[in-house]
Amino acid sequence: MRQQLRSRRAPTFPHGYRYRLDDQDEVNQNYLADEEEEAEEEARVMRVPNLEEEEKEEEQKEEEEGQGQPTGNTWWQKLQLMNEYLWDPEQRMSLARTGQSWSLILVIYFFFYASLAAVITVCMYTLFLTISAYMPTFTERVKPAGVMIRPFAHSLNFNFNVSEPDTWQHYVISLNGFLQGYNDSLQEEMNVDCPPGQYFIQDGNEDEDKKACQFKRSFLKNCSGLEDPTFGYSTGQPCILLKMNRIVGFRPELGDPVKVSCKVQRGDENDIRSIHYYPESASFDLRYYPYYGKLTHVNYTSPLVAMHFTDVVKNQAVPVQCQLKGKGIINDVINDHFVGRVIFTLNIET
Amino acid sequence: MVGGFSILLWVGAILCWIAYGIEYSNDPSSSLDNVYLGAVLALVVVLTGIFAYYQEAKSTNIMASFSKMIPQQALVIRDAEKKTIPSEQLVVGDIVEIKGGDQIPADIRLLSSQGCKVDNSSLTGESEPQSRSCDFTHDNPLETKNIGFYSTTCLEGTATGMVINTGDRTVIGQIASLASGVGNEKTPIAIEIEHFVHIVAGVAVSLGIIFFIIAVSMKYPVLYSIIFLIGIIVANVPEGLLATVTVTLSLTAKRMAKKNCLVKNLEAVETLGSTSIICSDKTGTLTQNRMTVAHLWFDNQIFMADTSEDHSNQIFDQSSGTWASLSKILTLCNRAEFKPGQESLPIMKKTVVGDASETALLKFSEVILGNVMEIRKRNRKVAEIPFNSTNKFQLSIHETDDPNDRRFLMVMKGAPERILEKCSTIMINGQEQPLDESTAKAFHTAYMELGGLGERVLGFCHLYLPADEFPETYSFDIDTMNFPTSSLCFVGLLSMIDPPRSTVPDAVTKCRSAGIKVIMVTGDHPITAKAIARSVGIISANSETVEDIAKRLNIAVEQVNKWDAKAAVVTGMELKDMSPEQLDELLANHSEIVFARTSPQQKLIIVEGCQRLGAVVAVTGDGVNDSPALKKADIGIAMGIAGSDAAKNAADMVLLDDNFASIVTGVEEGRLIFDNLKKTIAYTLTKNIAELCPFLIYIIVGLPLPIGTITILFIDLGTDIIPSVALAYEKAESDIMNRKPRHKKKDRLVNKPLALYSYLHIGLMQSLGAFVVYFTVYTQAGFRPSTLIGLRLEWEKDDVNDLEDSYGQEWTRYQRQYLEWTGYTAFFVAIMVQQIADLIIRKTRRNSIFQQGLFRNKVIWVGIASQIIIALILSYGLGSITALNFTMLRAQYWFVAVPYAILIWVYDEMRKLFIRLYPGGWWDKNMYY
């Protein structure tokens, strides 16, 4: 091999350079030695399959003899080392630690984590001490109020065919379900009938249970599902309920209840020729405010406004925007399409 | 660009794009967030790559500017015309002319020569000028006189030659290409970083896969699982760390450059710190590379001369009449002269025309006597025989400056034994006395003693020629020697040595206490080498070589037990006969070794021997022939002044002042940087847990995501960058030169205690602190932790716009989203605040912060300020840019994590206290990283 390497290098030398000073040659020898090693390594790699075969044979023999101590196979050695690292029977160590050492370290970690847990508990406890159960500390993130509509089936596109009940049946079911809590009997039983047009302010301690004002299903008239159990869907005049998100302590500016008004968002305004609102004022009466939080204001039912789209262009998608109107109401946040407004499309086919 | 973290980040980026692909195929209107994230990740990889490249290039540039390559010109005869062409245009067969001072432009065979002498030192290590002629004298091209080698210098004379080899095919070119052929081994720090990358990548990949499986088995869609995987990878990979390491290394490189160590390869900065053996040259590195008068012998006494760099105080007795005579001989019998025009320079700095010993004598007498030239002028020279190797003496005849004395004074210096032969009297205390047995014996003892010190000894004698025989008009003829050259009067001896640099003994002691073995490798005579080794402490005062023991016990060298001797002086001849095993044995068993009379090639063998012992070897060298050894060494150190370009190219570091002491300061810096890198990595790793935990909790417990991927990138590449660089400015905790060099295999950069302590102790505390802030933000906004658990699914539904919180309030999607970003910001701020504490505790590993000084490292405070300012800008300045996911945070949330930061500090002080209280104990073993 040496000879080869030399001859490979040789052509680069002119004749005179064949003779070199001894020392000079030593340098070369060293480099050659390096290369030799490399070459040998390569050769070893080349030989590996044979070696392995041989070793396997040897292993088998040895195993037959009952002493599984093969040498030379690096993979096997590594595995063995690994095994020994995991469990060393001689020194009774696992992962380079004895049982005693392991128990010591586990105990230490246990105490460390236990005290950390104690610290965190104390911290969370003090945090809760400063938190009121009835009134959130900050409400600026949840303001201004959002708006949501019912029926809601994971989509704001109302596509249905009047003549095919299957396409609108789920809206009806959804509305019925939603309005269960507004049944007149239930409302009369649980809630009080408070005077309209003014806030229903209940002074007294924070932790006292608060009474809720009645919002009866019958307030919704044609959209209550009482007279027309299909909420107008069977006639192509769908009812859509709109509610304002609850915010603890929120009060519309005095004497000016929040109104709802809907119109075509884009396109021909005459696509919607008439909308009936129930209650007829199209507003959320002041008596439903303020909200005292779900802990004390248990039976509070959000006030609703029903929009009855009695005459909408059929067989085409009509984008509708319903906005809250009133003093201090914000309905034009760019990033949030549900603050003070809600946009949906009606596509009623006949 | 590729390798380590970069691959992980590429994987992350590609996963991002895949995730977007899946999203897009489901819903073409899906948001581009994942595309952006992927782009940002790719950008991070590319930027850090460019940054690392830029840093490398910058340090390479330093090197490039260092060796100014002047295009070499050659005078060539072509077409019967003399032309000057750049030497790389030479071809074989060209006839070139060279003259004194030229570099030989190619390997040439001389056709004619007029007194041509060349300096082959860079090639063969022989420093004597060698004459060149057109005679073929030897079979070996390196020995024969009719070949001149490329890049060697023609010192004097002129010659004409034919080009026989050019470029890489020249002898020098071959050595250079051999050197470049030596595989560059990975530097220790590269190995360490790789090890660290493996650990972190292992953690990242295994965690990623485990949680991918968990997520899938928890019935998360694959898309989500992929996004989790990205989050886990991004949280685990310290994106900014590699750039930080590069900056840290280059800062140290700059600091070292100030201390005259120019580092070519950034990683070599640390290699020097882990060096366990330094193979040092003698001449110029350990010594001043300047012959200097060390001892004088006259009046039967040995006097010591000052050999320090400036010769300032010569304290020997100058009152004796003998000294007056001796000093006269010194001044007169000397051909060396100062070059004109350097009156303002101190004597020792002046350039002298003349050989080394004469220069030494000239400077010596100039310092003591004053203006030598003036004295020479007063004592006009009438005849002179210059030194030659057959006579072994130098002689000159002068008129005296005493106007009453008409005699000529003949002064002579030379090899002491030859001088003594010519003498019949000796001067003692200014009086001539016959040279008898006892004085001769005294002379021999002194001569042996001075010779034994490895010094070059010269003898001096004189004779006043009787005026009657040699009248003023007498014409001296140096060829016939018509004057007496025997029965002279012996005056004294003077010995010279190339003295060690005054800083070297200290430096060697430092090396020794730092556990670094210093091996001297020199071409000098063993006695000289040993003497210098002793005087600088490479062989310490109380250790003996085999020969010393033999002498002390008065037995033959062979009878001495080799291993009794701590020190060994090995010559090149002995080395040649040694097998590698014998060499290993020698290197392992002797702590103090001097290799003398070695050729530069044998350096390579020595280096390899040291490396076989597992040592990290630093080698100094200057010649072209040293370059393979420099390459082979873990860190090759070339000499900036004496070094050849080939050596500088092969080396990792260049010593600008050729001073051994600079190596030692380099070692100190290297060790410091290793310690500080450890701190930097510990600092950087800690927050990984605080970045990772949110994802794990998010997946398992279903909280709204506490921290976003983009936000994590802002920590890794924003707030944390300057502080982690600032740790590079930290001073050493204790005397780092008092401990052993680190063991390559055992003392890892990132070891188990470091990882465990960073991940499971401080990291966990940080995550807890950050979660407290997170819960505070959510609870105060209306979502109590009990509500949050399992809320993730509803929380992230885009069409749920009336999600109820703990108070019955209803939230739109965007309101929730905004709250989530506020949570990110709060989490980010919490990590930042706790990273300040982390930064402070990482200043030390063992000492208390108060021992180290809280304010000693100002850069740390710059780092802390940068953290806070960046966080403020992100929250309040960029809080309105939704893509960055930052919001304006209420002021009080900035302080929620402060108690945790203090807790971290206290906990770490406790850890350090226990380590200091019980060194070597269980706590120390498990908690000291």
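Details
- Looking across the range B:579-625, the residues that are within 30 Å of residue B:171 (Cα to Cα) and surrounded by fewer than 16 Cβ atoms within 10 Å (Cβ to Cβ) come down to B:579, B:580, B:612.
- Scanning the range A:309-335 for residues that are farther than 18 Å from residue A:282 by Cβ, within 31 Å of the chain's Cα centre (by Cα) and either free of Cβ contacts under 8 Å to residues at least 24 places away in the same chain or crowded, with 19+ Cβ neighbours inside 10 Å (or both) yields a total of 3.
- Each residue in the range B:315-365 was checked for being among the hydroxyl-bearing types (Ser, Thr, Tyr), more than 20 Å from residue B:295 (Cβ to Cβ) and not in a loop (DSSP other than H, G, I, E, B), and 0 of them qualify.
- Among all positions in the range B:598-609, there is at least one residue which is out of contact with any Cys (no Cβ under 8 Å at 6 or more places or on another chain) and at pLDDT 90 or above.
- Residue in the range B:454-465 that is loosely packed, with under 13 Cβ neighbours inside 10 Å and either assigned by the TED database to the domain that holds residue B:403 or acidic (Asp, Glu) (or both) present: no
- Odd one out for residue A:282, checked against (1) within 14 Å of chain B (Cβ to nearest Cβ); (2) crowded, with 20+ Cβ neighbours inside 10 Å; (3) in contact with a strand residue (DSSP E or B) (Cβ under 7 Å, 6 or more places away or on another chain): (1)
- If you go through the range B:247-273 and keep only what is under 18 Å from residue B:196 (Cβ atoms) and touching a Phe, Trp or Tyr at 6+ places or on another chain (Cβ under 7 Å), you end up with B:270, B:273.
- Residues in the range B:689-725 that are small (Gly, Ala, Ser), crowded, with 23+ Cβ neighbours inside 10 Å and over 13 Å from residue B:770 (Cβ atoms): B:708, B:724.
- Residues that are farther than 22 Å from residue A:224 by Cα, more than 9 Å from every other protein chain (Cβ to nearest Cβ) and touching a residue at least 60 places away in the same chain (Cβ under 8 Å) within the range A:124-157 comprise A:132, A:144, listed in sequence order.
- Taken across the range A:232-244, residues that are buried (at least 22 other Cβ atoms within 10 Å of the Cβ) and among the aromatic types (Phe, Trp, Tyr) do occur, with at least one present.
- Boolean, residue A:234 is without any contact (Cβ under 8 Å) to a residue 40 or more places away in the chain and over 34 Å from the mean Cα position of the chain (by Cα): no
- Residue match in the range B:665-684 (condition: more than 14 Å from every other protein chain (Cβ to nearest Cβ), touching a residue at least 60 places away in the same chain (Cβ under 8 Å) and assigned to a strand (DSSP E or B)): no
- Of all the listed residues (A:243, A:211, A:263, A:216), the sole one being within 14 Å of another protein chain (Cβ to nearest Cβ) and either in contact (Cβ under 8 Å) with a residue 12 or more places away in the chain or under 35 Å from the mean Cα position of the chain (by Cα) (or both) is A:243.
- Selection from the range B:688-713 of residues that are over 42 Å from the mean Cα position of the chain (by Cα) and either among the aliphatic types (A, V, I, L, M) or part of a loop (DSSP other than H, G, I, E, B) (or both): B:696, B:697, B:699, B:700, B:701, B:702, B:703, B:704, B:705, B:706, B:707, B:708
- Residues in the range B:836-851 that are closer than 23 Å to residue B:719 by Cβ and part of a helix (DSSP H, G or I): B:836, B:837, B:838, B:839, B:840, B:841, B:849.
- As a summary of the residue check, residue B:534 satisfies the conditions (1) within 36 Å of the chain's Cα centre (by Cα); (2) of a type in the set (D, E, K, R); (3) not assigned by the TED database to the domain that holds residue B:622 except for the one numbered (3).
- Of everything listed in (1) in contact with a helix residue (DSSP H, G or I) (Cβ under 9 Å, 6 or more places away or on another chain); (2) hydroxyl-bearing (Ser, Thr, Tyr); (3) within 14 Å of chain A (Cβ to nearest Cβ), the single unmet condition for residue B:928 is (3).
- The listed residues are A:84, A:54, A:58, and the only one of them that is more than 14 Å from every other protein chain (Cβ to nearest Cβ), surrounded by 14 or more Cβ atoms within 10 Å (Cβ to Cβ), at pLDDT below 75 and in a helix (DSSP H, G or I) turns out to be A:58.
- The set of residues in the range B:387-419 that are surrounded by 19 or more Cβ atoms within 10 Å (Cβ to Cβ) and farther than 19 Å from residue B:481 by Cβ contains only B:416.
- Within the range A:179-200, the residues that satisfy the criterion of being crowded, with 16+ Cβ neighbours inside 10 Å and assigned to a helix (DSSP H, G or I) are A:179, A:182, A:186, A:187.
- Lone unmet requirement of (1) free of Cβ contacts under 8 Å to residues at least 40 places away in the same chain; (2) away from chain A (no Cβ under 13 Å); (3) within 19 Å of the chain's Cα centre (by Cα) for residue B:574: (3)
- Residue satisfying condition, being of a type in the set (Lys, Arg), under 30 Å from residue B:903 (Cβ atoms) and in contact (Cβ under 8 Å) with a residue 12 or more places away in the chain, within set B:742, B:842: B:842
- When residue B:649 is tested against the conditions (1) touching a helix residue (DSSP H, G or I) at 6+ places or on another chain (Cβ under 6 Å); (2) closer than 27 Å to residue B:504 by Cα; (3) not aliphatic (A, V, I, L, M), the lone failure is (1).
- Extreme residue, nearest to residue B:670 (Cα to Cα), among residues of the range B:178-198 that are at pLDDT 80 or above and surrounded by fewer than 18 Cβ atoms within 10 Å (Cβ to Cβ): B:190
- Any hit, the range B:632-655, residues being touching a strand residue (DSSP E or B) at 6+ places or on another chain (Cβ under 7 Å), basic (Lys, Arg) and not in a loop (DSSP other than H, G, I, E, B): yes
- When B:763, B:769, B:708 are screened for being within 11 Å of chain A (Cβ to nearest Cβ) and within 25 Å of residue B:241 (Cα to Cα), only B:769 passes.
- Among the conditions (1) under 36 Å from the mean Cα position of the chain (by Cα); (2) in a helix (DSSP H, G or I); (3) exposed (fewer than 15 other Cβ atoms within 10 Å of the Cβ), the only one that residue B:507 does not satisfy is (3).
The values are calculated or read from the model by the stated rules, or taken from the named source; none is laboratory data. Everything numeric here is computed off the predicted structure, so don't read it as measured data. A quick note on method: Cβ atoms are made from the backbone with ideal geometry, for glycine too, and the neighbour counts reach across all protein chains shown.
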